[in-house]
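Worksheet: one structure, shown below.
The values are calculated or read from the model by the stated rules, or taken from the named source; none is laboratory data. Note that the coordinates shown come from a computational prediction; the quantities given were computed from them, not determined experimentally. All Cβ positions, even for glycine, are placed from backbone atoms using ideal geometry, and neighbour counts span all protein chains on display.
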Protein chains: 2
Amino acid sequence: MFNKTISVGMKKEASKIVGVLLVLVFVCAIGNTQEPADYVNPFIGTSNFGATFPGPIAPRGMASISPFNVAGPQNLPLEKDSRWLSNPYVHENTFLTGFSHVNLSGVGCPDLGVILLMPTTGQVETDHLKYGTTYSNEIAKAGYYSNNLDKYNIKTELTASIRVGVSKFSFPKGQANILLNLGLGLTNEEGAMVKVVSPTEIEGMRTVGSFCYNNPESAYPVYFVARFSKAAENFGVWKRPSKYDGVEAEWMTYNGKTRLMENATRMVVGASIGTYFSYKFDQPETVEVKIGVSYVSIENARENLEKETANKSFNTIYEETYNKWNNLLSKIQVDGGSNDDKIIFYTALYHTLIHPNTLNDFNGEYPEIKTGKIGKTQGTRYTVFSLWDTYRNLHQLMSLVYPQQQSDMVKSMLDMYDENGWLPKWELNSTETFTMVGDPASIVITDTYLKGIRDFDIVKAYNAMLKSADQIENNPLRPGLEEYINLGYLTTNFGGSVSTTEEYNVADYSIALLAKSLGKDDDYVRFKNRSISYRKLFDKNLNLLRPRNPDGNWYEPFVPEAGANFTKNVGFIEGNAWQYAFMVPHDIEGLIKIMGGKEPFTKQLQKVFDTDQFDMANEPDIAYPFLFNYIESEEWRSQKIVKELVQKYFQNKPDGLPGNDDTGTMSAWLVYSMMGFYPISPGEPLYTITVPLFDRVTIALDSKYYKKKELVIERAGNPNGTIEKILLDERPHKSFFISHEELVNSNTVKIILK
Amino acid sequence: MFNKTISVGMKKEASKIVGVLLVLVFVCAIGNTQEPADYVNPFIGTSNFGATFPGPIAPRGMASISPFNVAGPQNLPLEKDSRWLSNPYVHENTFLTGFSHVNLSGVGCPDLGVILLMPTTGQVETDHLKYGTTYSNEIAKAGYYSNNLDKYNIKTELTASIRVGVSKFSFPKGQANILLNLGLGLTNEEGAMVKVVSPTEIEGMRTVGSFCYNNPESAYPVYFVARFSKAAENFGVWKRPSKYDGVEAEWMTYNGKTRLMENATRMVVGASIGTYFSYKFDQPETVEVKIGVSYVSIENARENLEKETANKSFNTIYEETYNKWNNLLSKIQVDGGSNDDKIIFYTALYHTLIHPNTLNDFNGEYPEIKTGKIGKTQGTRYTVFSLWDTYRNLHQLMSLVYPQQQSDMVKSMLDMYDENGWLPKWELNSTETFTMVGDPASIVITDTYLKGIRDFDIVKAYNAMLKSADQIENNPLRPGLEEYINLGYLTTNFGGSVSTTEEYNVADYSIALLAKSLGKDDDYVRFKNRSISYRKLFDKNLNLLRPRNPDGNWYEPFVPEAGANFTKNVGFIEGNAWQYAFMVPHDIEGLIKIMGGKEPFTKQLQKVFDTDQFDMANEPDIAYPFLFNYIESEEWRSQKIVKELVQKYFQNKPDGLPGNDDTGTMSAWLVYSMMGFYPISPGEPLYTITVPLFDRVTIALDSKYYKKKELVIERAGNPNGTIEKILLDERPHKSFFISHEELVNSNTVKIILK
């Protein structure tokens, strides 16, 4: 299919010699071998609440296009208004109502999924329940999506540059329409503006926000400019006003009814508006539509469109985006493994390269957080920091493979601190959503710094961490901080008291590590001590952590199994006592001690898996499989469980993710697990080793940050065996742990199985 | 009060020598004598459904400011959402919720009344039902309005240039807020956009339209830019989203609640939005706010603001607007009469100078009608053509006193024809509202042309008239035209069949007159014949017009008295058989004949008045009082009735208009009636004469169109008497009718009473 697309491109551009040559080079480059980008299957995660979308996006793109099939009773039970649904596309749904141009990948809350482009034929129909259609022949690849709209016999093809979504619609002859629906969307925010600038251009905005049904006062606009390759013969705007129910309703024959506003060229605003561009084609024709977006202004959206895509064909843009993906994905080369192994691996790596994503416009401008000002960056301003998820492994993967990106992410976090006085917690398009608990920014920054990525202002970062760790009044990041400091833990005065205590402990441990590195010895001692206060919540009778009431007594009645599957549970956020019992990655040695030693610890940890308390789909326990490495001669358990989990939960199919991808956190888990090592203690530059699922993994290292050019992980011996020994540059490595420094300064890590 | 305002202005500008001099000149100019503008009482018509507003407007201004007191249960029964209410202000209401910046004067349908500015003190409150207040010390003058907001101890002062509303708020010390409410409004359309550009500037738009609950697909934006003389210390946007009632509502703690979005500087859209600018004043302070508007774009609104008012103080702008008013009003000087007579006269003249109003921006741009394009005019593009009303007398007054304006109005009408292929009917801001019946544009244009105002393309105008008079299919102006042409009248197949037939007759008569003037003799005969077809609806038994069924029979049951007070009535629009019986001003001689001669005619006409069937508040019968002039020796009746009507219905008080001013039509009736003559047959350059209510009326004539510099109407003899004789330049004039040509070429019309 890919080559077919290209050859179509060649025909169309036959007269443009340069274009043809470019295409030929492109075809040659990718025609002979399977490139990493060719293994990407964007359908993975589009079912089972993976919440990824199959449409095209450039690496860390601001714009993306997703087929939108979550609206309308035709899509029940996975219908956006009938439940908490966080994705614009569900693989098993069948009723498509357009293509949305800003989308979140792998999140747990609905937002974005707006600016819906929809090609139709025949009379203009503006009700998505009427113009929606089933579709077939879906194809999804890195940077490319295509399907056929059954009702209209229209072939759609989609691609995207960083800030522009590009669509190519192949219409049959007759009346063709391209609708831009600004009412429909995944977000629960409402309100749009649209202005038809000319028969080839539309500008406007759509309100988005209230991620996780939270923080509505920070709802904000996404601006856009849409350009059409063919001028509309007829155009207009539709608007469905809200229904008036006063006495005047009797005079309003049009009350609540959609109106078509022909030739409307001035601004139209409303909750339910859109535009239609219509054509009469004497023969089959294609129309390309480019939609540039911006979170700053319409002018910037237009500039983004022009600078990234003006005068470029659909195929050229696709080629560029494909090459960007391939370059990034090629930083890790894998040998061995099945085709499906490669597919799930590269698709996971692809999913880790979507968020955090670019927020700044082509000219560097971006909306600052909270201030209302427009900032300007020299590099990349990143957004979508789902830090409660990503502090655990995604940023560690970035530091290793894409350290420049990780550095820019840390800089973006520090810019946020400059702007609104606080590091981010769950930042989304320069709004702080305050989703989830803990204070994960410190962990990410410390982890980055201690791995030698230091081209940012660490003193500022340290001060920012201290502020959130110490400021008791008006601290939006650490609710309950006063209790935490005074008692060592949060009481049931606060929701998720145990979870939050553990998160604060983990963060404080990172601050301690950084303090030590910066020579702040007093702080080191203070935060090191703070970091183990979770122990006060350890109930020896249960060998689990347990919430305490404000009077210090254990919370009763206490059912350790309660709280699974996101049901509410006193003391715990998104999990139960089992799923949080071991979530002290920085103090597993201490936990072993208070649990009574190695044997009880192993038993209790194994029990999590044996009694089905392990949740692969959520973050608190995702490091559990690796924790047997802390117990000498029990490491085989980690090796076995990790491999089993990979095989059970990660597959080359739409439901091939265990649940929400969590902006790439599940995918990062998979990438590390398949490579045979894992960043076991966030904040600490340390990995623990399991069995690689490939014969060989070659990681290209960025010369700006690392001395070696590449790192090779090799597996040898019985491929179904367990680890016999580990060789570092052919010398025995006596531990199942390896520091980041050791790792990146080795040529080869050889893992020999028996 | 006026002088006080000026002296305040002097103090403020003490350092600006030029400013002071200007002010001094201004004070001298108006300090010594009562100028015409000083007689304007903008409160006239603000009760009894006059539908005028008391706030400032420049002559034919696009922007105006009205105190807005028609929202909220506090204002029942004259509350905008509880009934059909067409004005932003009602004098007897008490609860003020802001100052609206675009307003219609004297119309019968709600529209505009948006962009509401409201100063408050204390905490920001965005609910108008909570921040609204009673007020006191109202002052209204041409170009100026002031009151005190009781709840806040704020003095408000308002003025306006053509496209900019200017407010000056005097705050006590403490927290002061200036709210801009874009949700509240008189229009039934919804939807606004706002963007805080800086702490001194806001830009945005508000949707308006659906005038008379009609034509919603032409709803359109009014754009604005607001500039504040002092930078806000805090600002933000509020938005009340519509209430969500799906399952997600349970997660939306903020569902349907107003949110305050602090520091929001990007676009916010919604049905219920606004901005707040807040200050903390250590001492009493004033803030001036200038709001420029445009129907084209925000950029034009900003340019309008800058070109008209930048760097000008409130007082300077007021002075300029005052002078504009005074110059125009001074075109008619009256001597004699009481102070109240002068007040009602000049206020009426003021009301005729509000609509039609300016549509084009400072740079000449304006929205074309229907095309979606932006046009550009060299002169003035006028809008708000309530032609069913104004064809009867207002344009005739313009042709006499302000012929340049009338010429530009005709040019605007012809531009509309160029743009959308049709002359206007009831045009409002480049939308055709299709309100009322008939085809009045032909009458206005013919009337203008035949009065010698000919600097427009009469051939185009004539073709435009023929099109609406002859095109049977797809004719938006003359529904029922086929029946009308075939039968001579509309049958009850069409609403208002008698009224519409008469209107078409009057229009056809104008076309006949113009045809004759242009030498189109065939057309002259054809339209002359068409113009008297109303006679087929004359029921000899009743001596009234009566609807016919499609089969030709009289409509039964027929109650001539039915249909008064705007109740529905088969055959008649806004009136009954009595009120339409004589509405054939072009064929009164013919009507006299079919009514059986002079005596039955006189009797029947007198009966209208004697049986209380005469409605002073609506247009169909407003020429009736003058019709006795057609009967020799009965002219005294006209003289008596006109004088009585003036005294009864037109007074120096808020309810001093008989009803809707109808964009100045009632006021034009008063102006003419008080001057002692009236344009008796619209389209025909003819006046009929009654008793002037002043000793002397001097009309300045525009040298571009008229040879004489001025025309004097003098009354002599017994002031309570009836007309004994009429002298034209001292020569006896043997008729109670006088042609326009005779009139404007006379120096003096002396009316001698006995």
Next item on the list: Please enumerate the residues belonging to segment A:696-724 that are assigned to a loop (DSSP other than H, G, I, E, B) and crowded, with 17+ Cβ neighbours inside 10 Å.
Entry: A:Leu701, A:Asp702, A:Tyr705, A:Tyr706, A:Thr722
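Residues are listed down the side, and each one gets a yes or a no for (1) in contact with a Pro (Cβ under 7 Å, 6 or more places away or on another chain); (2) of a type in the set (Gly, Ala, Ser); (3) within 14 Å of chain B (Cβ to nearest Cβ); (4) assigned to a loop (DSSP other than H, G, I, E, B):
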{"position": "A:Gln74", "(1), (2), (3), (4)": "no, no, no, no"}
{"position": "A:Glu79", "(1), (2), (3), (4)": "yes, no, yes, yes"}
{"position": "A:Ser86", "(1), (2), (3), (4)": "yes, yes, yes, yes"}
{"position": "A:Val90", "(1), (2), (3), (4)": "no, no, no, yes"}
{"position": "A:Val107", "(1), (2), (3), (4)": "no, no, no, yes"}
{"position": "A:Asp111", "(1), (2), (3), (4)": "no, no, yes, yes"}
{"position": "A:Pro119", "(1), (2), (3), (4)": "no, no, no, no"}
Check: Within segment A:360-386, restricting attention to residues that are surrounded by 24 or more Cβ atoms within 10 Å (Cβ to Cβ) and hydroxyl-bearing (Ser, Thr, Tyr), which residue is nearest to the chain's Cα centre (by Cα)?
Finding: A:Ser386
Next item on the list: Identify the residue in segment A:275-294 that is in contact with a helix residue (DSSP H, G or I) (Cβ under 9 Å, 6 or more places away or on another chain) and under 19 Å from B:Met193 (Cα atoms) and, among all such residues, is nearest to the other protein chains (Cβ to nearest Cβ).
Entry: A:Ser294
Note to self: Please go through (1) modelled with pLDDT of 95 or more; (2) surrounded by 20 or more Cβ atoms within 10 Å (Cβ to Cβ); (3) among the hydrophobic types (A, V, I, L, M, F, W, C) for B:Ile594 and return the number of the only condition it doesn't satisfy.
What the structure shows: (2)
Check: Under 6 Å by Cβ, and 6 or more places apart or on different chains, what pairs join a residue from segment B:118-139 that is in contact (Cβ under 8 Å) with a residue 40 or more places away in the chain with one that is exposed (fewer than 15 other Cβ atoms within 10 Å of the Cβ) and of a type in the set (A, V, I, L, M, F, W, C)?
Finding: B:Ile139/B:Met1
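In segment B:659-689, which residues are out of contact with any strand residue (DSSP E or B) (no Cβ under 7 Å at 6 or more places or on another chain) and in a loop (DSSP other than H, G, I, E, B)?
If the condition is that a residue be out of contact with any strand residue (DSSP E or B) (no Cβ under 7 Å at 6 or more places or on another chain) and in a loop (DSSP other than H, G, I, E, B), then B:Gly659, B:Asn660, B:Asp661, B:Gly664, B:Ser681, B:Pro682, B:Gly683, B:Glu684 are the ones that fit.
Tell me, please, whether a residue that is among the polar types (S, T, N, Q), on the phi < 0 side of the Ramachandran plot and in a loop (DSSP other than H, G, I, E, B) can be found in segment B:624-633.
Taking segment B:624-633 first, the residues among the polar types (S, T, N, Q) are B:629, B:633.
If we keep only those that are on the phi < 0 side of the Ramachandran plot as well, we get B:629.
From the residues that got through so far, the ones that are in a loop (DSSP other than H, G, I, E, B) too are none.
Among the residues of segment B:624-633, not one is among the polar types (S, T, N, Q), on the phi < 0 side of the Ramachandran plot and in a loop (DSSP other than H, G, I, E, B), which makes the answer no.
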Next item on the list: Sort through B:Leu693, B:Leu727 and tell me the only one that's in the same structural domain as B:Tyr509 (by TED's automatic domain parsing) and crowded, with 18+ Cβ neighbours inside 10 Å.
Entry: B:Leu693
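What are the residues in segment A:210-243 that are of a type in the set (Phe, Trp, Tyr) and either facing another protein chain (nearest Cβ under 9 Å) or buried (at least 24 other Cβ atoms within 10 Å of the Cβ) (or both), if any?
A:Phe211, A:Tyr213, A:Tyr220, A:Tyr223, A:Phe224, A:Phe235, A:Trp238
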Note to self: So, in segment A:244-273, how many residues would count as being at the interface with chain B (Cβ under 8 Å from one of its Cβ atoms) and farther than 29 Å from B:Glu79 by Cβ?
What the structure shows: 8
Next item on the list: Could you tell me whether any residue of segment A:155-166 is closer than 25 Å to A:Ala264 by Cα and within 14 Å of chain B (Cβ to nearest Cβ)?
Entry: no
Item checked: When residues of segment A:387-436 are limited to those that are over 18 Å from the mean Cα position of the chain (by Cα) and not in a helix (DSSP H, G or I), the one surrounded by the most Cβ atoms within 10 Å (Cβ to Cβ) -> A:Leu423
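Residues in segment A:532-587 that are assigned to a helix (DSSP H, G or I) and buried (at least 20 other Cβ atoms within 10 Å of the Cβ): how many?
Taking segment A:532-587 as the starting set, the residues that turn out to be assigned to a helix (DSSP H, G or I) are A:533-537, A:564-566, A:577-581, A:585-587.
Now restrict to residues that are buried (at least 20 other Cβ atoms within 10 Å of the Cβ): A:534, A:537, A:577-581, A:585-587.
Residues in segment A:532-587 being assigned to a helix (DSSP H, G or I) and buried (at least 20 other Cβ atoms within 10 Å of the Cβ): 10 in total.
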Check: Does B:Ser105 satisfy the condition of being polar (S, T, N, Q) and surrounded by 22 or more Cβ atoms within 10 Å (Cβ to Cβ)?
Finding: yes
Check: Only one residue in B:Asn69, B:Asn75, B:Asn41 is closer than 28 Å to B:Gln333 by Cα and in contact (Cβ under 8 Å) with a residue 12 or more places away in the chain, so which one is that?
Finding: B:Asn41
Next item on the list: For segment B:14-32, indicate whether the set of residues that are among the polar types (S, T, N, Q), out of contact with any Leu (no Cβ under 6 Å at 6 or more places or on another chain) and either under 22 Å from B:Leu158 (Cα atoms) or at pLDDT 95 or above (or both) is non-empty.
Entry: no
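Do we have any residue at all in segment A:314-324 that's in contact with a strand residue (DSSP E or B) (Cβ under 7 Å, 6 or more places away or on another chain), closer than 27 Å to A:Tyr145 by Cβ, within 9 Å of chain B (Cβ to nearest Cβ) and among the aromatic types (Phe, Trp, Tyr)? If you could, list the steps in order and put the result at the bottom.
To start, the set of residues in segment A:314-324 that are in contact with a strand residue (DSSP E or B) (Cβ under 7 Å, 6 or more places away or on another chain) comprises A:314, A:317-318, A:321.
Next cut, closer than 27 Å to A:Tyr145 by Cβ only: A:314, A:317-318, A:321.
Narrowing the set further to residues that are within 9 Å of chain B (Cβ to nearest Cβ) leaves none.
No; the residues of segment A:314-324 include none that is in contact with a strand residue (DSSP E or B) (Cβ under 7 Å, 6 or more places away or on another chain), closer than 27 Å to A:Tyr145 by Cβ, within 9 Å of chain B (Cβ to nearest Cβ) and among the aromatic types (Phe, Trp, Tyr).
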Margin query: Quick test of your reading of the structure: B:Ala348 fulfils all but one of (1) crowded, with 24+ Cβ neighbours inside 10 Å; (2) touching a strand residue (DSSP E or B) at 6+ places or on another chain (Cβ under 8 Å). Name the failing condition by number.
Written below: (2)
Note to self: Please go through (1) farther than 21 Å from B:Asn569 by Cα; (2) within 30 Å of the chain's Cα centre (by Cα) for B:Glu482 and return the number of the only condition it doesn't satisfy.
What the structure shows: (2)
Check: When residues of segment A:460-478 are filtered for being assigned to a helix (DSSP H, G or I) and surrounded by fewer than 15 Cβ atoms within 10 Å (Cβ to Cβ), how many remain?
Finding: 2
Next item on the list: Give the residues of segment A:479-531 that are farther than 21 Å from A:Gly563 by Cα, small (Gly, Ala, Ser), surrounded by 21 or more Cβ atoms within 10 Å (Cβ to Cβ) and in contact (Cβ under 8 Å) with a residue 40 or more places away in the chain, sorted by residue number.
Entry: A:Ala507, A:Ser510, A:Ala515, A:Ser531
Note to self: If I filter segment B:184-204 down to residues being at the interface with chain A (Cβ under 7 Å from one of its Cβ atoms) and of a type in the set (A, V, I, L, M, F, W, C), which single residue comes out as surrounded by the fewest Cβ atoms within 10 Å (Cβ to Cβ)?
What the structure shows: B:Met193
Checklist line | Residue selected from segment A:295-309 under the condition of a type in the set (Asp, Glu) and more than 13 Å from chain B (Cβ to nearest Cβ), by the criterion farthest from B:Tyr366 (Cα to Cα) | finding: A:Glu308
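Do the conditions hold for A:Thr207, that is, is it more than 18 Å from A:Asn181 (Cβ to Cβ), at the interface with another protein chain (Cβ under 10 Å from one of its Cβ atoms) and not hydrophobic (A, V, I, L, M, F, W, C)? Break it down stepwise before answering.
Details: more than 18 Å from A:Asn181 (Cβ to Cβ): no; at the interface with another protein chain (Cβ under 10 Å from one of its Cβ atoms): yes; not hydrophobic (A, V, I, L, M, F, W, C): yes.
Here the answer is no, as A:Thr207 does not meet what is asked.
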